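Let me begin by presenting the structure, written as structure tokens, before commenting on it.
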């Protein structure tokens, strides 16, 4: 088998491996588990590096000691590392088993100016991530939100330099809630339940003012933010905005949705540009995570995607423009929900995870960027593994060379007692062998895919008009119905 078929697999470490008090808990237990992963020929691990832990002591008071110990252990056990710059809160969303808020001094600023946080139409603030409306506003002791993120990443580079040559392969830059490039449109801690359409999150005073400017420039100063888009757990047809011939199809609706989604792209572009400057010359790749909003994908309005900031319709590609922006930074698009099949979803959710993955991957590959992926939910069964394997090499292996289509890496959610149960771990080890295309562990990425080279400076900034050329719909690349290397 040609080594170009080998897809590396990483495993996410527990969310609280470094706890909220900045203590590396149970290192002996973790070392034993890392040894099990390495023996199973896992290539590496992914770790959240929490802003709320590192800069907890006050502005620019960074404490990396616990993470240094953790990274050193990962290095000693011969594993690669994907490090997430986690600028979001942990707690209040699917799978959050620990609570790690944003730094207290940031929350204190929010107590007197809650508009620094994303806000829904009812005026409920969400303190899990700073609103992109304050990206360039010096509200944090004279620093802007972008400067907070930039200073954090610079401190990471200075303090973790020994791991930036050979251990860390990716820096995934947090761009929103759950580290994902999206708005916090479906917060469980505000009562959202699947498959609710979610709510737009742009009613803080900074975003309101920005939209008023955009509407005025469009010749409609009288336009306001939507007041007909329903509530978290509505269905599209319960709202005027997303219903049949809804507001989303009107000029006013299109103006709003273009502004809402473009702001998200600009937010990501600015932070990734700062990340590129920070890690320039390091042998690693930048990555950004896009959420797999698969529910209501098969409805006309794609309501759940629209509230999250993905302006994706049957006649408008909302994901390829993101890929085009990422191409400027040589960044990997990391996508979720690759373990899900349409047949597993309830019909009333109009869910289409298989078509969604196919669309997003195809758009990224057309923009000539690399694709990584994650499973969205904890799964230990053959059906989930086989779906991941299919999406990892959508047209199967090529014994004589590089497969026609392949991802860069797969990150598996998540290390814990359930994964390490004998039956589960035995099947997981088979999965690792299959995603490696039956090959033995290969420690050197240059032997099986695009080598990791010193990070180059981002290309010149693209105009939004250039980015939006990618909204034109193209048919997705064909994907096989099943993997040619099933675990069973």
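The P(r) of segment 130-270 has a tail past 25 Å containing 41 percent of all C-alpha pairs.
Here the relative contact order of the chain, from alpha carbon pairs under 8 Å that lie six or more residues apart, stands at 19 percent.
Its residues counted as N, segment 327-485 yields a C-alpha radius of gyration over 2.2 N^0.38 Å of 1.13. For segment 65-133, the average shadow cast by the Cα convex hull is 6.6 nm², which is a quarter of the hull's surface. Ordering of 469-475, 358-364 by packing is 358-364, 469-475, highest average first (other Cβ atoms within 10 Å, averaged per residue). Note on segment 160-204 and segment 384-440: Cα centroid distance 24 Å, given to the nearest whole angstrom. Sorted from longest to shortest, the spans of the Cα atoms of the chain along the three principal axes equal 64, 51, 42 Å.
The shape of segment 337-392 can be summarised by an equivalent ellipsoid whose semi-axes, obtained from the alpha carbon gyration tensor, come to 21, 15, 8 Å from longest to shortest. As a ratio to 2.2 N^0.38 Å, the alpha-carbon radius of gyration for segment 190-346 is 1.13. The Stokes-Einstein estimate for segment 1-83, based on a Kirkwood radius over Cα pairs and taken at 37 °C with 0.692 mPa s viscosity, is a diffusion coefficient of 237 µm²/s. The alpha carbons of segment 135-177 occupy a box of 37, 22, 12 Å along the principal axes, longest dimension given first.
Over all distinct alpha-carbon pairs, what is the Kirkwood Rh of segment 398-488 in angstrom?
Details: mean 1/r = 0.0571 Å⁻¹.
17.5 Å is the Kirkwood radius here.
Defining a contact as two alpha carbons under 8 Å apart and six or more residues distant in sequence, what relative contact order in percent does segment 1-150 show?
Here the relative contact order equals 20 percent.
Stokes-Einstein diffusion for segment 1-146, with the hydrodynamic radius set to the Kirkwood value over Cα pairs and evaluated at 25 °C in a medium of 0.890 mPa s, equals 143 µm²/s. Here the Debye sum runs over all C-alpha atoms of segment 146-204 as equal scatterers in vacuum, and log10 of I(q)/I(0) at q = 0.12 Å⁻¹ comes out as -0.49. Taken along its principal axes, the alpha carbon cloud of segment 215-271 reaches lengths of 36, 28, 15 Å, longest axis first.
Sort 147-155, 329-337 by the packing proxy (mean of other Cβ within 10 Å over each peptide's residues), most packed first.
Values: 147-155: 19.3, 329-337: 24.4.
Taking the mean over residues of other Cβ atoms within 10 Å, the ranking is 329-337, 147-155.
Helix-only arithmetic for the chain: the sum of -39500 (n - 2.57) across DSSP H runs with n ≥ 4, divided by the residue total, places the mean residue ellipticity at 222 nm at -10000 deg cm²/dmol. The equivalent ellipsoid of segment 377-438 has semi-axes of 24, 11, 9 Å, largest first, where each one is the square root of 5 times an eigenvalue of the Cα gyration tensor.
Of the DSSP beta bridges with both residues in the chain, give the percent that are antiparallel, rounding to the nearest 5. All intermediate terms of the calculation are to be shown ahead of the outcome.
Working: 8 of 40 bridges.
That works out to approximately 20 percent antiparallel.
Dividing the Cα radius of gyration of segment 67-190 by 2.2 N^0.38 Å, with N the residue count, gives 1.17.
Pull up the DSSP beta bridges for segment 257-411 and report the antiparallel fraction as a percent, rounded to 5. Can you show the working numbers first?
Details: 1 of 11 bridges.
Here the share of antiparallel DSSP bridges comes out near 10 percent.
All of the numbers you see were taken from the coordinates with simple rules; none came from a lab. Just so we're clear, the structure is a prediction, and the values are computed from it rather than from any experiment. Cβ: placed from backbone, ideal geometry, glycine included. Neighbour counts: every protein chain shown.
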